[in-house]
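Structure, as structure tokens:
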Amino acid sequence: MADRILVPYDGTPQATEALELTFDEFPDATVIALYVIEVPDGRWAQLLGPELQVPVSEKAEEHAADVLETATDLATEYGRSLETNIVTGEPDDRIVAQAAEESVDLIVIGSHSKEGVSRVLLGSVAETVVRRSPVPVLVVR
């Protein structure tokens, strides 16, 4: 049984379904909702603390907080608590890295986050996470 579960959450219907399934199927697990602020290619990094981080706008951070507030509201509807985290970078890289950093037992991810994605089974982020994850991945479609 999974004790710690990471759910990448961007507010899309697929991400919401992944979070709801997590609440339904893993009632005793600690759930962490992760929002990744995607940084466009070509952005210069700046030194912040011990590692390089790409600067993000206040508007992007506010949007991320709003999306995670929606996730927290959903957790409340299910009578659950929810940890949240915001990171920046490439979504697939950050999801895999966060899984290791948070010592999770499972990642539950929506099959894709954008409408009209042409991939038949998985979106590119979900596919990469499945291939590179250090822990099992449950894909919700």
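The values are calculated or read from the model by the stated rules, or taken from the named source; none is laboratory data. Quick caveat, the model's predicted, so the values are computed rather than measured. All Cβ positions, even for glycine, are placed from backbone atoms using ideal geometry, and neighbour counts span all protein chains on display.
Brief remarks on what is shown
- Close pairs from the range 1-17: first on the phi > 0 side of the Ramachandran plot, partner in a helix (DSSP H, G or I), Cβ under 7 Å, at least 6 apart: 11/67; 11/70
- The test for being part of a strand (DSSP E or B) and modelled with pLDDT under 95 does not hold for residue 122.
- Any hit, the range 50-69, residues being over 15 Å from residue 14 (Cα atoms), modelled with pLDDT under 80 and charged (D, E, K, R): yes
- Residue count for the range 79-109, restricted to those that are part of a loop (DSSP other than H, G, I, E, B) and in contact with a Phe, Trp or Tyr (Cβ under 6 Å, 6 or more places away or on another chain): 1
- Enumeration of residues in the range 6-30 that are within 9 Å of residue 110 (Cβ to Cβ) and of a type in the set (S, T, N, Q): 12, 14, 16
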